[in-house]
Amino acid sequence: MVLAVGFGGAWLARDPAPAAPGAVATAAAAVDAEGGLRRRLVLASLGDLLPALRANGIAPDDAAAIEAAARPGLPATGELRAAMVLTNGDGPVRLLRLEVSNPDSSGIVLTRGAGGAYALSKVAAQLSTRVVVRRGRLDGKSFYSSAVAVGITDSLIPGFARALAFDFDFQREIGPGDAFEAAFEQRVNADGEPVGPPDLLYAALTTSAKSVAVYRFAPPGEAADWFDSSGRSIIRALMRTPVDGARVSSGFGMREHPVLGFQKLHRGTDFAAPTGTPIFAAGSGVIEFAAPKGANGNFVRLRHDNGWETLYLHMNAFAPGLAAGQRVVQGQAIGEVGTTGRSTGPHLHYEVHIDGAPVDPQSIVTEQGKTLSGPALVAFEATRDRIDVARAMQAK
Ligand SMILES: [Zn+2]
């Protein structure tokens, strides 16, 4: 049944990546106000400038002089936009003006003076920030395709899922027709084109059972976190699903052991996911053990600040540099799903121990996070209101 797949198993499955944008120069010519011929070009890098000048009919010596004059104001690598204004008449082609800009709209303007020398002036970056709101409903295929279809950038999707992972069991509580909304901040250049990756500010999900909305906010002196509209942190002691894109393949309790064949207490939850899927620290804490260990395979034991422990078995690999004694924060990747040790296929076997004894990870009621107060609450409310204004202005 389609609904039985996990949020990342299929809901987060990606469509094939679009082809990389071509960096081939495109030329369109128009006669400008002063009678010059204006051509626009896209340069894969600064190295393409000289050939582009030559291709537009500028003499070799002149092209080299223009390139030498422009070079100090531009980066050696990275795509550039250029516009050149050329003489439009008989005789040798001359450059009257050259504008070259970076994606953030910074760049140079080169003009030809009366004596034939080129004068360079620099243009500062012109970036502004825009809050973009996108809404949609889950289709029958995947959250990824539903989100991308309404303009949510794919890089935002794992963060969206993680922000709501405390409130929803993405395997059992999400399905086609459920409504989602995301607000994110995007820097744009002078032409309104996105520059750099967007930052998720707001995530909301409405199912037939409940509706949850969370706002990202960094309390003074602290890292950014997610809060509900009243300023209460949504972070619980432990995440419900410490792996991206998983379905529960075996729950806690007595069962026939798949390898050993007799009745045995299954001490945790198995999450089936492809090899290489990231595994997250379910809560902040200190790594007690991170090494291969017999039937456990590659194994991490994490001790949390409240004394609880979480255990992660059969990992394919540990996160680079992970070692006992190291502190990790909730949601930090500690390794990836595998099938090392006594295991029948790629999965995460996950245990939660309270006072040294295993408990059902899916049944524990974990404590509520902190609530903002004082100046932090005032600052949060300003952030929340800014997001809500953008949401109201971009309402359907
Ligand atoms: Zn297991």
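Select from region 354-376 the residues that are more than 25 Å from the chain's Cα centre (by Cα), away from the ligand (no atom under 14 Å from the Cβ) and buried (at least 16 other Cβ atoms within 10 Å of the Cβ) and list them in ascending order. Write out each step before concluding.
At the first step, the residues of region 354-376 found to be more than 25 Å from the chain's Cα centre (by Cα) are 354-368, 370-376.
Cutting the leftovers down to away from the ligand (no atom under 14 Å from the Cβ) gives us 354-357, 359, 363-368, 370-376.
Listed by number, the residues that qualify are VAL359, THR366, LEU372, ALA376.
Against the condition free of Cβ contacts under 8 Å to residues at least 12 places away in the same chain, away from the ligand (no atom under 16 Å from the Cβ) and either under 16 Å from HIS349 (Cβ atoms) or surrounded by fewer than 15 Cβ atoms within 10 Å (Cβ to Cβ) (or both), how does PRO320 come out, does it pass?
Values: free of Cβ contacts under 8 Å to residues at least 12 places away in the same chain: yes; away from the ligand (no atom under 16 Å from the Cβ): yes; either under 16 Å from HIS349 (Cβ atoms) or surrounded by fewer than 15 Cβ atoms within 10 Å (Cβ to Cβ) (or both): yes.
So PRO320 passes the test.
Which ones in region 306-317 are away from the ligand (no atom under 16 Å from the Cβ) and within 16 Å of HIS347 (Cα to Cα)?
The answer is ALA317, and nothing else.
Residues of region 211-228 being modelled with pLDDT of 90 or more and either among the acidic types (Asp, Glu) or surrounded by fewer than 18 Cβ atoms within 10 Å (Cβ to Cβ) (or both), which ones?
SER211, VAL212, ALA218, ASP228
For region 288-300, what are the residues that are touching a strand residue (DSSP E or B) at 6+ places or on another chain (Cβ under 6 Å) and more than 15 Å from the ligand (Cβ to nearest atom)?
Narrowing region 288-300 to residues touching a strand residue (DSSP E or B) at 6+ places or on another chain (Cβ under 6 Å): 288-290, 292-293, 296-300.
Selection gives GLU288, PHE289, ALA290, PRO292.
Can you list residue pairs whose Cβ atoms sit under 7 Å apart, with the first residue in region 271-282 being within 8 Å of ILE334 (Cα to Cα) and the second being in a strand (DSSP E or B) and not hydrophobic (A, V, I, L, M, F, W, C)? Count only pairs 6 or more apart in sequence or on different chains.
Qualifying pairs under 7 Å: PRO278/GLU336; ILE279/TYR312; ILE279/GLY335; ILE279/GLU336.
Please specify each residue of region 255-313 satisfying the condition of being loosely packed, with under 15 Cβ neighbours inside 10 Å and among the basic types (Lys, Arg).
Within region 255-313, ARG255, LYS264 meet the criteria.
For region 245-258, check the following and say yes or no: at least one residue is within 13 Å of the ligand (Cβ to nearest atom), part of a loop (DSSP other than H, G, I, E, B), without any contact (Cβ under 8 Å) to a residue 40 or more places away in the chain and outside the structural domain of ASP388 (by TED's automatic domain parsing).
Scanning region 245-258 turns up at least one residue that is within 13 Å of the ligand (Cβ to nearest atom), part of a loop (DSSP other than H, G, I, E, B), without any contact (Cβ under 8 Å) to a residue 40 or more places away in the chain and outside the structural domain of ASP388 (by TED's automatic domain parsing).
For region 325-346, check the following and say yes or no: at least one residue is within 11 Å of the ligand (Cβ to nearest atom), polar (S, T, N, Q) and assigned to a loop (DSSP other than H, G, I, E, B).
yes
Within region 259-284, which residues are under 24 Å from the mean Cα position of the chain (by Cα) and away from the ligand (no atom under 12 Å from the Cβ)? Before you say what the answer is, go through the steps one by one.
Taking region 259-284 and keeping what is under 24 Å from the mean Cα position of the chain (by Cα), we get 271-284.
Answer for region 259-284, where residues must be under 24 Å from the mean Cα position of the chain (by Cα) and away from the ligand (no atom under 12 Å from the Cβ): ALA273, PRO274, THR275, GLY276, THR277, PRO278, ILE279, PHE280, ALA281, ALA282, GLY283, SER284.
Would you mind stating whether ARG303 is more than 16 Å from the ligand (Cβ to nearest atom), at pLDDT 90 or above and of a type in the set (Lys, Arg)? Full working, then the answer.
Details: more than 16 Å from the ligand (Cβ to nearest atom): yes; at pLDDT 90 or above: yes; of a type in the set (Lys, Arg): yes.
The answer is yes for ARG303.
Are there any pairs, at least 6 apart or on different chains, whose C-beta atoms fall under 9 Å, with the first in region 338-356 and farther than 18 Å from ILE279 by Cα and assigned by TED's automatic domain parsing to the domain that holds PHE299 and the second within 13 Å of the ligand (Cβ to nearest atom) and of a type in the set (Val, Ile, Thr), and if so, which?
Pairs that qualify, where the first residue is farther than 18 Å from ILE279 by Cα and assigned by TED's automatic domain parsing to the domain that holds PHE299 and the partner is within 13 Å of the ligand (Cβ to nearest atom) and of a type in the set (Val, Ile, Thr), are ARG342/VAL259; THR344/VAL259.
Would you check if there is a residue in region 83-92 being of a type in the set (D, E, K, R) and under 37 Å from the mean Cα position of the chain (by Cα)?
no
The values are calculated or read from the model by the stated rules, or taken from the named source; none is laboratory data. Note that this is a predicted model, so its numbers are computed, not measured. Please note: Cβ atoms are built from the backbone with ideal geometry, for glycine as well, and neighbour counts cover all protein chains shown.
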